[in-house]
Ligand SMILES: [Zn+2]
């Protein structure tokens, strides 16, 4: 069973979380083409090995988290609040 160490709530079972998919990096400029924006918004690389994902602690603090997870071993490599990970705190 996967366990995630929420920075706000501590170690919790995966069943408390909802995976929001891969976390895109390198936001395109506003005038980028539709193809670039489509790939940024909907494209998933689905690589083997470490991948950056968004997870919502839906049955906890309800914060979005930036999780680095190895898709081969399912081992969690790092967990941060998503706002901290992207350098934006609302
Ligand atoms: Zn939490």
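Do the conditions hold for residue 62, that is, is it surrounded by fewer than 16 Cβ atoms within 10 Å (Cβ to Cβ), in contact with a helix residue (DSSP H, G or I) (Cβ under 9 Å, 6 or more places away or on another chain), without any contact (Cβ under 8 Å) to a residue 60 or more places away in the chain and under 20 Å from residue 80 (Cβ atoms)?
no
Could you name every one of the strands (runs of 3 or more DSSP E) located completely within segment 1-52 that has at least 3 residues being within 16 Å of the ligand (Cβ to nearest atom) and more than 14 Å from the chain's Cα centre (by Cα)?
Answer list for segment 1-52: 10-13.
Would you point out which residue out of 47, 90, 28, 24 is at pLDDT below 90 and surrounded by 15 or more Cβ atoms within 10 Å (Cβ to Cβ)?
Step by step, each of 47, 90, 28, 24 is checked, and only 24 is at pLDDT below 90 and surrounded by 15 or more Cβ atoms within 10 Å (Cβ to Cβ).
Go through segment 65-84 and give me each residue that's on the phi > 0 side of the Ramachandran plot and either buried (at least 17 other Cβ atoms within 10 Å of the Cβ) or in a strand (DSSP E or B) (or both).
none
The values are calculated or read from the model by the stated rules, or taken from the named source; none is laboratory data. Model, not experiment: these values are computed from the prediction. Counting neighbours? That spans all protein chains shown, and the Cβs are built from the backbone with ideal geometry, glycine included.
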